[in-house]
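S.K.: Structure below; questions to follow.
Taken together, the values in this text are just the output of simple stated rules run on the coordinates, not laboratory data. Just so you know, these numbers come straight off a predicted model, no measurement behind them. In this analysis, Cβ positions are derived from the backbone assuming ideal geometry, glycine residues included, and neighbour counts consider all displayed protein chains.
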């Protein structure tokens, strides 16, 4: 768990620094930077989505995962939680909601091979090199994203802690299931969700991206039953 704890701490520290820097950035510049981050997020999503060749599995995962997420209504739950936290931690006049910052950062920090492979390495061998490297990357990213998305980025550390912590604790069980193909498919599904997130950031769509989170895990179930 050490690697995951360090990762979560790096995100929190980076968020604090980003919020400090935010005070010295003019609104006009902040808006431009936000659009730049949205375009970069779109690039990250596209570059990750095209790496998988299992198109049918990805489509099935998005359909089943999206339907399950909509039934549970994850997005509404996160939005309600974000609204409660926003009353306590956010200042009036913030253009980006705490929930948006939380969802955006959580997806960006948890989708990727480093998250899965690092958590498995940590759980199976008690080595944390991959998660330490990811912590450094997330530290820099959290500074940049929190300067525009706000304090919600810091709360994503909780999601990282739970998600990566679960993968680490279940490493012995999950390791045989998480083949290179499954990891590739999970990354591709997550990347498609990030594309939707980028469209929301660019104000092109209003997709409830959080409702698609279960889709990331559907490739594991397909691998088990097929």
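S.K.: Quick one: helix 27-49 against the long Cα principal axis of the chain, what's the angle to the nearest 10°, folded into 0 to 90?
M.R.: 10
S.K.: What is the order of 145, 223, fewest Cβ neighbours within 10 Å to most? It would help to have the intermediate numbers written out before the result.
M.R.: On the way: 145 27, 223 16.
Ordered by Cβ neighbours within 10 Å, fewest first: 223, 145.
S.K.: Report the Stokes-Einstein translational diffusion coefficient (µm² s⁻¹, integer) for the chain, Rh taken as the Kirkwood radius over Cα pairs, at 20 °C with viscosity 1.002 mPa s.
M.R.: Numbers: Rh = 17.7 Å.
This corresponds to a translational diffusion coefficient of 121 µm²/s.
S.K.: Semi-axes of the equivalent ellipsoid of the stretch 125-165: what are they in whole Å, largest first, if each equals the square root of 5 times a C-alpha gyration tensor eigenvalue? Before the final figure, lay out the partial values.
M.R.: Working: eigenvalues 96, 34, 3 Å².
Value: 22, 13, 4 Å, ordered largest first.
S.K.: Using the Kirkwood formula on the Cα atoms of the stretch 56-157, what hydrodynamic radius do you get, in angstrom to one decimal? Could you put the intermediate results ahead of the total?
M.R.: Details: mean 1/r = 0.0648 Å⁻¹.
That comes to 15.4 Å for the stretch 56-157.
S.K.: Distance in nm between label sites at residue 87 and residue 43, each 7 Å beyond Cα in the beta-carbon direction?
M.R.: Going by the 7 Å Cα→Cβ label model, 4.1 nm.
S.K.: Something else: Using Cβ contacts closer than 10 Å as the measure, can you line up 27, 129 from fewest to most?
M.R.: Details: 27 8, 129 12.
By the 10 Å Cβ count, ascending: 27, 129.
S.K.: Taking Cα centroids, how far is the stretch 126-142 from the stretch 19-65 in Å?
M.R.: Between the Cα centre of the stretch 126-142 and that of the stretch 19-65, the gap is 19 Å.
S.K.: Now, a different point. For 15, 110, what's the fewest-to-most ordering of other Cβ within 10 Å of each Cβ?
M.R.: Details: 15 27, 110 21.
So the residues, fewest neighbours to most, are 110, 15.
S.K.: Here's another thing I want to ask about it. By how many nm would the segment from residue 117 to residue 19 lengthen if fully extended, with 0.36 nm per residue of separation less the alpha-carbon distance? Walk me through the numbers on the way to the answer.
M.R.: Working: separation 98, 0.36 × 98 = 35.28 nm, distance 3.04 nm.
Working it through step by step, the gained length comes to 32.2 nm.
S.K.: Which value does Rg/Rh take for the stretch 1-70 over its C-alpha atoms, Rh per Kirkwood? Working shown, then result.
M.R.: Details: Rg = 18.0 Å, Rh = 15.8 Å.
When Rh is taken as the Kirkwood radius, the ratio is 1.13.
S.K.: Nearest 10 degrees is fine. How inclined is helix 2-22 to the longest principal axis of the chain, computing both from alpha carbons?
M.R.: 20
S.K.: Return one number: the angle in degrees, 0 to 90 and rounded to the nearest 10, between the long axis of the Cα atoms of helix 152-169 and the longest principal axis of the Cα atoms of the chain.
M.R.: It works out to around 20 degrees.
S.K.: Which value in deg cm²/dmol, rounded to the nearest 500, describes the helix-derived mean residue ellipticity at 222 nm for the chain, given -39,500 (n - 2.57) per DSSP H run of n ≥ 4 and division by the residue count? Could the numbers behind the result be given before it?
M.R.: Working: 11 runs with 177 residues, N = 226.
Roughly -26000 deg cm²/dmol at 222 nm, from the helical runs in the chain.
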